[in-house]
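Scroll down for the structure; my scribbles are underneath it.
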Amino acid sequence: MKILVIGSGAREHALVTALLADESVTTVICAPGNAGIAREIDVLPVDVNDANAIGDLAYELDADLVVIGPEVPLVAGAADAVRDRGIACFGPSAEAALLEGSKAFAKQVMAEAGVPTAMARVCSSVDEVASALDQFGAPHVVKDDGLAAGKGVVVTDDRDEALAHAAACLARGGDARVVIEEYLDGPEVSLFGITDGTTIIPLQPAQDFKRAHDGDAGPNTGGMGAYSPLPWAPAGLVEDVTARVLQPMVDAMAKRGTPFSGLLYAGLALTSRGVRVIEFNARFGDPETQVVLACLKTPLASVLLASATGRLASLPPLQWRKGSAVTVVVAAKGYPESPVTGDVISGLEEAGEVVGVSILHAGTKITDDGIASNGGRVLSVTAHGESLHEARERAYAALDLIRLEGSHHRRDIALAASTSQ
């Protein structure tokens, strides 16, 4: 099977790594890829914002399956363009990807499906925002309605900060909107479900860390690390969320005539009143994918192909490796506000030799001087171990060998969970 993976982040590097380990796969190509992926397979240029360019590339390569990683091409209709050319694609249509592309749309479908979520108001003016903030009170939760690369959400006790973020989102003009929500207490959990539009198969839950610095301090980011599984998660959590959240959403989208096929990602809060959905994404999450796939024993390609061809119900139950996985993101100086790029990274070979560790590239490029940074989140240092503690030790042992001027990473990824085991 020849597979084309679309994207350039550590999520795509994790997908490529998992697909290469599948004996049914003969060729994996990535577009546009990054420096780390290019060391393992062929990478090709493509504009991920151009749905037809992705479809044309898949057709030229005669791919058997296309796996679309990022949300932007999905919302732009890349999966539709691939399918229009007669090629199987893992990823939802543009209409279905609105579950991520518009938080207001997702709230509407959740209401239809009876899925538990936070109370919310959709606002298109600063006056409406001010009224909604007063209605729900602090902490204030303000979300950009559209795509924001994981950084469109502000949670703050400062009403002025909340208003300023909303005003900045609305300043785009056009049909710009923001969603003001009630604050949800309790720990957050990410749960992925692979679906063919009818059947949905949940993966192992993970938890990510959005804030830039230790102790959940600093600005929101696209994600600074993650771990899986969750030793503290309530018994039956996956089964409960599948029955009350994932399957009802799949059913509701099918009823609408816009079936969702691909990866349905539920961001959840385990509140004092029970599970509530924070948001949905329409693709594998980053950095959670890195740890979930590190734990998956079942060959990935067969599962993604079954999703793309409507055959998930015929698959046997997924098998998982014993133990745990941890990933820690190495971020460039200045991330997330103004990342500095172009600095050479050293120590990658030595770090990759640590037992159980994979160095997954994100914002990297090949230069005359070696591999250099080329984005805000540069690397995901991912480790698997027999325990969460061992996985952490391995990840941080590898991190201590990597040098990137001015870079930063959190030292507390999975720390609380590992000490409570």
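So here's what we get for this one:
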{"quantity": "Residues of the stretch 207-239 that turn out to be more than 29 Å from S338 (Cβ to Cβ) and of a type outside the set (V, I, T), as a count", "calculated": "11"}
{"quantity": "Residues satisfying the stated conditions in the stretch 208-257, i.e. closer than 29 Å to V381 by Cβ and among the aliphatic types (A, V, I, L, M)", "calculated": "A212, A217, M224, A226, L230, A233, L237, V238, V241"}
{"quantity": "Per-region count, the stretch 269-301, residues in a loop (DSSP other than H, G, I, E, B), surrounded by fewer than 20 Cβ atoms within 10 Å (Cβ to Cβ) and touching a residue at least 60 places away in the same chain (Cβ under 8 Å)", "calculated": "2"}
{"quantity": "Test: residue in the stretch 251-268 that is surrounded by fewer than 23 Cβ atoms within 10 Å (Cβ to Cβ), at pLDDT below 95 and in a strand (DSSP E or B)", "calculated": "no"}
{"quantity": "Residue identified as over 17 Å from K333 (Cβ atoms), crowded, with 17+ Cβ neighbours inside 10 Å and not assigned by TED's automatic domain parsing to the domain that holds P287 among L388, L404, L379", "calculated": "L388"}
{"quantity": "Boolean, V122 is out of contact with any Cys (no Cβ under 7 Å at 6 or more places or on another chain) and of a type in the set (V, I, T)", "calculated": "yes"}
{"quantity": "Residue list for the stretch 10-45, restricted to those being touching a Pro at 6+ places or on another chain (Cβ under 7 Å), in a loop (DSSP other than H, G, I, E, B) and within 16 Å of N374 (Cα to Cα)", "calculated": "P45"}
{"quantity": "In the stretch 281-297, the residues that are within 13 Å of V381 (Cα to Cα) and among the hydrophobic types (A, V, I, L, M, F, W, C)", "calculated": "V291, A294"}
{"quantity": "Members of the stretch 322-333 found to be surrounded by 14 or more Cβ atoms within 10 Å (Cβ to Cβ) and assigned to a loop (DSSP other than H, G, I, E, B), listed by number", "calculated": "G323, A332, K333"}
{"quantity": "Residue satisfying condition, being touching a residue at least 40 places away in the same chain (Cβ under 8 Å), under 25 Å from N220 (Cβ atoms) and hydroxyl-bearing (S, T, Y), within set T382, T341", "calculated": "T382"}
{"quantity": "Filter pass, L304 being more than 29 Å from D144 (Cβ to Cβ), out of contact with any Asp or Glu (no Cβ under 8 Å at 6 or more places or on another chain), modelled with pLDDT of 95 or more and not assigned by TED's automatic domain parsing to the domain that holds E390", "calculated": "yes"}
{"quantity": "Residue that is farther than 25 Å from T242 by Cα, among the basic types (K, R) and surrounded by 14 or more Cβ atoms within 10 Å (Cβ to Cβ), where the choices are R177, R172", "calculated": "R177"}
{"quantity": "Which listed residue, of E337, E350, is exposed (fewer than 15 other Cβ atoms within 10 Å of the Cβ) and at pLDDT below 95", "calculated": "E337"}
{"quantity": "Unique match (being in a loop (DSSP other than H, G, I, E, B), of a type in the set (D, E, K, R), under 20 Å from R283 (Cα atoms) and not assigned by TED's automatic domain parsing to the domain that holds V48) among E95, E100", "calculated": "E95"}
{"quantity": "Criterion violated by A113 - all others in (1) exposed (fewer than 14 other Cβ atoms within 10 Å of the Cβ); (2) in contact with a Pro (Cβ under 8 Å, 6 or more places away or on another chain) satisfied", "calculated": "(1)"}
{"quantity": "Total residues in the stretch 67-88, condition under 23 Å from V25 (Cα atoms) and in a loop (DSSP other than H, G, I, E, B)", "calculated": "5"}
{"quantity": "Residue list for the stretch 113-137, filter: touching a strand residue (DSSP E or B) at 6+ places or on another chain (Cβ under 8 Å), outside any strand (DSSP E or B) and within 25 Å of L268 (Cβ to Cβ)", "calculated": "V115, P116, A118, M119, A132, L133, Q135, F136"}
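The values are calculated or read from the model by the stated rules, or taken from the named source; none is laboratory data. Remember, it's a predicted structure, so these values are computed and weren't measured experimentally. All Cβ positions, even for glycine, are placed from backbone atoms using ideal geometry, and neighbour counts span all protein chains on display.
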